[in-house]
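Q: My questions will all concern the structure given below.
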Amino acid sequence: MKIHHTVTLLAAAALLSACGTMGAAGPKAVATLEPTKGNTAAGTVTFEQKGDHVLVTARVSGLKPNQEHGFHAHEKGDCSSGDGMSTGGHFNPTAKPHGPQHAEHHAGDLPGLKADASGKAEASFQLKGVSLGSGAADLVGKGLIVHAGPDDYTTQPTGNSGGRIACGVIKLG
């Protein structure tokens, strides 16, 4: 009976240890999107490092109903200009062409946001080739932009997605 009890305790300890490492979370970051001048788009985007990828969750409102909107990380964490232009171009530390996630693309190229009939978009996706808090492709401190129109994923270097309607800065937290 004593041996069975000891084996059960060891198995339970091993299981708890494994659960603790499976859920080990990496750095987290957040960007609060504010509307640029004359626009209404706003929201919150969270980022969480999960091994070799970053999980992104976005909740944005004030978008044009039933439309897709380009969504990108930009070079500079500066939304001071009022039109989002102070964030510079797309974040592109490896000098890749602009494109969708399944092809060569800028580190700042993100999947588009699709607004529902009430102008709200919720999205969750994984990014590879970027990080939070270290490395050349670190998203922390970069600008985050929602654009007025959809990204065509072809036009270089921007995707022809129109004006910048919301701006935020990606910050650890």
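Each reported figure results from applying straightforward, stated rules to the coordinates on display, with no laboratory input. These numbers come from a predicted model, not from an experiment. Note: ideal-geometry Cβ built from the backbone for every residue, glycine included; neighbour counts use all protein chains shown.
Q: Does ALA121 satisfy the criteria of being closer than 19 Å to GLN49 by Cβ, surrounded by 21 or more Cβ atoms within 10 Å (Cβ to Cβ) and of a type in the set (Gly, Ala, Ser)?
A: Details: closer than 19 Å to GLN49 by Cβ: no; surrounded by 21 or more Cβ atoms within 10 Å (Cβ to Cβ): yes; of a type in the set (Gly, Ala, Ser): yes.
Judged against the criteria, ALA121 is not a match.
Q: Which of the residues spanning segment 84-119 are under 20 Å from GLY168 (Cβ atoms) and either of a type in the set (S, T, N, Q) or in contact with a Cys (Cβ under 7 Å, 6 or more places away or on another chain) (or both)?
A: If the condition is that a residue be under 20 Å from GLY168 (Cβ atoms) and either of a type in the set (S, T, N, Q) or in contact with a Cys (Cβ under 7 Å, 6 or more places away or on another chain) (or both), then GLY84, SER86, THR87, ASN92 are the ones that fit.
Q: Of all residues in segment 141-152, count the ones that are touching a strand residue (DSSP E or B) at 6+ places or on another chain (Cβ under 9 Å) and surrounded by fewer than 20 Cβ atoms within 10 Å (Cβ to Cβ). Break it down into steps so the answer makes sense when it comes.
A: Of all residues in segment 141-152, those touching a strand residue (DSSP E or B) at 6+ places or on another chain (Cβ under 9 Å) come to 141-151.
Those still in the list that are surrounded by fewer than 20 Cβ atoms within 10 Å (Cβ to Cβ) too: 141, 148-150.
Number satisfying all stated conditions: 4.
Q: Within segment 96-118, count every residue that is among the aliphatic types (A, V, I, L, M), assigned to a loop (DSSP other than H, G, I, E, B) and within 22 Å of HIS53 (Cβ to Cβ). So that I can check it myself, show each step before the final result.
A: First, the residues of segment 96-118 that are among the aliphatic types (A, V, I, L, M): 103, 107, 110, 113, 115, 117.
So of that shortlist, the ones also assigned to a loop (DSSP other than H, G, I, E, B) come out as 103, 107, 110, 115, 117.
Narrowing the set further to residues that are within 22 Å of HIS53 (Cβ to Cβ) leaves 103, 107, 110.
Going through segment 96-118 one residue at a time, the tally reaches 3.
Q: Also: Starting from segment 61-79, take each residue that is surrounded by fewer than 24 Cβ atoms within 10 Å (Cβ to Cβ) and list its partners that are among the aromatic types (Phe, Trp, Tyr) and part of a loop (DSSP other than H, G, I, E, B), counting only C-beta distances under 8 angstrom and pairs at least six apart or across chains.
A: GLU75/PHE91
Q: Oh, and also: From LYS114, LYS128, which residue is over 19 Å from ARG59 (Cβ atoms) and of a type in the set (Lys, Arg)?
A: On the way: LYS114 fails: over 19 Å from ARG59 (Cβ atoms).
From the options LYS114, LYS128, the qualifying one is LYS128.
Q: While we're looking at this one, here's another question. When the residues of segment 153-173 are filtered to those that are surrounded by fewer than 21 Cβ atoms within 10 Å (Cβ to Cβ) and among the small types (Gly, Ala, Ser), which remaining residue is farthest from GLY70 (Cα to Cα)?
A: Looking at residues that are surrounded by fewer than 21 Cβ atoms within 10 Å (Cβ to Cβ) and among the small types (Gly, Ala, Ser), I get GLY173.
Q: Hey, does segment 132-140 have a residue that's buried (at least 20 other Cβ atoms within 10 Å of the Cβ), among the polar types (S, T, N, Q) and either over 14 Å from the mean Cα position of the chain (by Cα) or part of a loop (DSSP other than H, G, I, E, B) (or both)?
A: Within segment 132-140, not a single residue is buried (at least 20 other Cβ atoms within 10 Å of the Cβ), among the polar types (S, T, N, Q) and either over 14 Å from the mean Cα position of the chain (by Cα) or part of a loop (DSSP other than H, G, I, E, B) (or both).
Q: Follow-up question, since we're still on this one. Looking only at segment 34-47, which residues are of a type outside the set (Val, Ile, Thr) and either surrounded by fewer than 17 Cβ atoms within 10 Å (Cβ to Cβ) or over 12 Å from the mean Cα position of the chain (by Cα) (or both)? Give the derivation first.
A: Just the residues of segment 34-47 that are of a type outside the set (Val, Ile, Thr), to begin with: 34-35, 37-39, 41-43, 47.
Residues satisfying the conditions are GLU34, PRO35, LYS37, GLY38, ASN39, ALA41, ALA42, GLY43.
Q: Under 8 Å by Cβ, and 6 or more places apart or on different chains, what pairs join a residue from segment 126-148 that is on the phi > 0 side of the Ramachandran plot with one that is among the charged types (D, E, K, R)?
A: Listed pairs, sorted by first residue: GLY141/LYS171.
Q: Additional query: Evaluate segment 87-95: report whether one residue or more is assigned to a strand (DSSP E or B) and within 21 Å of LEU55 (Cβ to Cβ).
A: So the first thing to find is which residues in segment 87-95 are assigned to a strand (DSSP E or B), and the list is 90.
Pick out the ones that are also within 21 Å of LEU55 (Cβ to Cβ) and you get 90.
Yes; the residues of segment 87-95 include at least one that is assigned to a strand (DSSP E or B) and within 21 Å of LEU55 (Cβ to Cβ).
Q: Please name all residue pairs, on different chains or six or more residues apart, with Cβ atoms under 8 Å, provided the first residue is in segment 155-170 and is under 25 Å from VAL140 (Cβ atoms) and the second residue is basic (Lys, Arg).
A: VAL169/LYS142; ILE170/LYS142
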